[in-house]
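What follows is one structure encoded as structure tokens, with my remarks underneath.
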Amino acid sequence: MRKYTKDGRHQLELVVCNQCGRKLLVENHILREGVCSIRESWGYFSGKDGEIHCIDLCEKCYDEWVRGFRVPVERQEETELLGV
Ligand SMILES: [Zn+2]
């Protein structure tokens, strides 16, 4: 869950983990820790057509969540960061 300033600049104010309710570290409107953010715009073939669901999970809750997966998370290296 995220909150932004309402002064027109729309700056990040608060990020709360949806699972554990912990406030994540936000300094000067910048999130200073890892977070898994999901924004799903449910479509016609779902039972939630037209709804947009947003969640934020802290890294600890993300790790606990994916540990329960039958098929492990697909991991890739972020090659764009290497400065090709
Ligand atoms: Zn959490």
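Scanning the stretch 49-67 for residues that are part of a loop (DSSP other than H, G, I, E, B) and closer than 28 Å to Lys23 by Cβ returns a single hit, Glu51.
Every residue, every condition in (1) away from the ligand (no atom under 16 Å from the Cβ); (2) open to solvent by less than 80 Å² (accessible area, probe 1.4 Å); (3) modelled with pLDDT of 95 or more; (4) in contact with a His (Cβ under 7 Å, 6 or more places away or on another chain), yes or no:
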| residue | (1), (2), (3), (4) |
| --- | --- |
| Leu14 | no, yes, yes, no |
| Gln19 | no, no, yes, no |
| Val35 | no, yes, yes, no |
| Leu57 | no, yes, yes, no |
| Tyr62 | no, yes, yes, no |
| Arg70 | yes, no, yes, no |
| Gln76 | yes, no, no, no |
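Restricting Arg39, Arg70 to those that are part of a strand (DSSP E or B) and of a type outside the set (Val, Ile, Thr) reduces the list to Arg39. Within the stretch 53-81, the set of residues being polar (S, T, N, Q) and more than 21 Å from Arg39 (Cβ to Cβ) comprises just one member, Thr79. Just a yes or no: is a residue in the stretch 45-54 of a type outside the set (S, T, N, Q), touching a strand residue (DSSP E or B) at 6+ places or on another chain (Cβ under 9 Å) and surrounded by 14 or more Cβ atoms within 10 Å (Cβ to Cβ)? So far as the stretch 45-54 goes, no, none of its residues is of a type outside the set (S, T, N, Q), touching a strand residue (DSSP E or B) at 6+ places or on another chain (Cβ under 9 Å) and surrounded by 14 or more Cβ atoms within 10 Å (Cβ to Cβ).
The values are calculated or read from the model by the stated rules, or taken from the named source; none is laboratory data. For clarity, every value in this text was computed on a predicted model and none was experimentally measured. Positions of Cβ are backbone-derived with ideal geometry, glycine not excepted, and every protein chain shown enters the neighbour counts. Note: areas computed on protein heavy atoms with side chains; ligands, DNA, RNA excluded. Shrake-Rupley method; radii C 1.70, N 1.55, O 1.52, S 1.80 Å.
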